[in-house]
Amino acid sequence: MTVAWREVWASFGRIGVMSFGGPAAQIAVMQRELVERRGWLDGEGFLRGLAFCTLLPGPEAMQLATYAGWRVRGTLGGLTAGLLFVLPGAVVMMGLAAAYLTYGRLAAVEAAFLGVKAAVLAIVLNALVKLWDKVAGGPLELAIATGAFAALLLGVPFWAVLIAGGLSGLLKGFGDAAAQHPAIRPEAVAGTVRVVITWGLVWWVPLLGVITFAPGTAAAEAAVFFSWLATVSFGGAYAVLAALSQTAVEQYGWLTKAQMIDGLGLAETTPGPLILVTTFTAWLGGAASGGWPMALATAATGLWATFAPCFLFIFAGAPHVERLTAMPKVRGALRGITAAVLGVIAALAVWFGRATIWPDGLDPVALALAVVAGALLLGLRRGLVETLLLCALLALGWHLLGGSVA
């Protein structure tokens with residue numbers, strides 16, 4: 001099946017502007033759009049891609065979008081999908097960072113975002129039910145998912161949860177252990193080497209230019225720091241917030257700790273991966289040292305250093321996913337990791353729900369909006385865009401009428 005480019009742009013553009021709420025919600029949106037609505041990926045292929053992306057450093061949802069685009073239309077499709085996933089949120093985040101420096105926190109914007117968060121919560125819960133039916137089909141998968149959920153709530157590190165899930169699946173294995181699988185061909189190895197070299201140059205040549213021609217600036221600092229962060233950010237944005245905060249606040253002095261928390265709040269309620277909090281951080285750091293031109297340059301450098309490695313990881317590894325997952329032991333490990341990821345998504349949903357509905361006690365407005373969103377999605381079968389917009393408008397209207405919005 002050959003998918004027309006206009007459909008690729010429409011579908012992944014739709015995903016990009018609706019990717020609110022962090023990885024749990026973003027995976028839910030992709031499953032609905034690519035598996036249920038378009039049928040471009042089957043359920044098993046989607047889950048294999050999800051397990052593969054979870055093992056990589058960097059934002060797994062953005063990498064999953066890139067992988068899906070690669071499956072649909074090759075390298076250019078993956079590049080298109082990844083950029084459409086990141087750029088809308090990056091543009092919004094830059095605009096919000098500029099407004100934040102000028103006006104401070106905007107009550108009307110926060111009110112509208114509360115409606116978006118409430119709708120996202122309903123989207124995540126709906127997707128969790130569907131993913132649970134697909135993943136937790138046997139007693140082992142059910143045990144892994146439940147254990148991962150409980151472990152994360154108890155504070156066990158993300159990487160330890162994934163390793164435990166992978167080892168559990170590896171010990172069991174899935175499929176015919178005696179099946180013959182094609183060996184890795186020399187041309188495939190050569191192709192992977194070419195991809196690594198090409199995307200390594202794409203990643204580093206512009207950054208080396210910034211470091212060489214603008215030494216000592218916030219942009220040069222961002223080139224080195226965010227490239228390092230991109231290679232160690234296993235577990236998504238929350239796993240690297242401590243390193244981000246320590247370096248940006250304490251070492252570079254780009255912003256205060258309170259401003260960092262505000263930036264995270266904005267990243268949670270704008271489209272795109274949560275790691276876009278780095279864009280907010282870089283914008284404030286650049287603005288502090290050189291006004292808006294340096295703010296733009298630093299934010300753009302940070303974006304490049306954060307997301308260019310994602311394309312390298314996906315394009316180098318994606319061609320081998322299907323062959324590797326045909327091997328029983330590898331397939332078992334990935335099935336275990338997928339089950340663990342389901343538990344991770346459930347734990348993130350609990351965290352996100354608590355932050356939305358119970359930030360400092362019950363927020364009845366957020367609860368009512370979440371109920372409305374659930375009724376629209378599940379009862380009335382309305383679309384995601386319509387649900388998000390309506391909930392945002394309801395929250396904004398309540399604020400303009402004098403209602404309190406947390």
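The values are calculated or read from the model by the stated rules, or taken from the named source; none is laboratory data. Computed from a prediction, not measured in an experiment: that's the story for all the values here. We place every Cβ from the backbone using ideal geometry, glycine too, and count neighbours over all the protein chains shown.
Tabulated results
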item: Some residue of region 264-283 being over 21 Å from Pro57 (Cβ atoms), at pLDDT 90 or above and surrounded by 20 or more Cβ atoms within 10 Å (Cβ to Cβ); result: yes
item: Residues of region 39-54 that turn out to be farther than 18 Å from Trp132 by Cα, touching a helix residue (DSSP H, G or I) at 6+ places or on another chain (Cβ under 6 Å) and assigned to a loop (DSSP other than H, G, I, E, B), as a count; result: 1
item: Residue among Ala287, Ala300 that alone is within 30 Å of Ala395 (Cβ to Cβ), more than 18 Å from the chain's Cα centre (by Cα) and not assigned by TED's automatic domain parsing to the domain that holds Ala65; result: Ala287
item: Filtered residues of region 57-91 (kept if at negative phi and at pLDDT below 90); result: Pro57, Pro59, Glu60, Ala61
item: Residues satisfying the stated conditions in region 246-261, i.e. modelled with pLDDT under 80 and crowded, with 18+ Cβ neighbours inside 10 Å; result: Met260
item: Output for region 344-366, where each listed residue is free of Cβ contacts under 8 Å to residues at least 40 places away in the same chain and either within 30 Å of Trp159 (Cβ to Cβ) or touching a helix residue (DSSP H, G or I) at 6+ places or on another chain (Cβ under 8 Å) (or both); result: Trp351, Arg354, Trp358
item: Subset tally (residues that are at pLDDT 85 or above and in contact with a helix residue (DSSP H, G or I) (Cβ under 8 Å, 6 or more places away or on another chain)) for region 1-25; result: 11
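Yes or no, residue by residue, for (1) surrounded by fewer than 17 Cβ atoms within 10 Å (Cβ to Cβ); (2) within 30 Å of Glu110 (Cβ to Cβ):
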site: His320; (1), (2): yes, no
site: Arg335; (1), (2): no, no
site: Gly353; (1), (2): no, yes
site: Thr356; (1), (2): no, yes
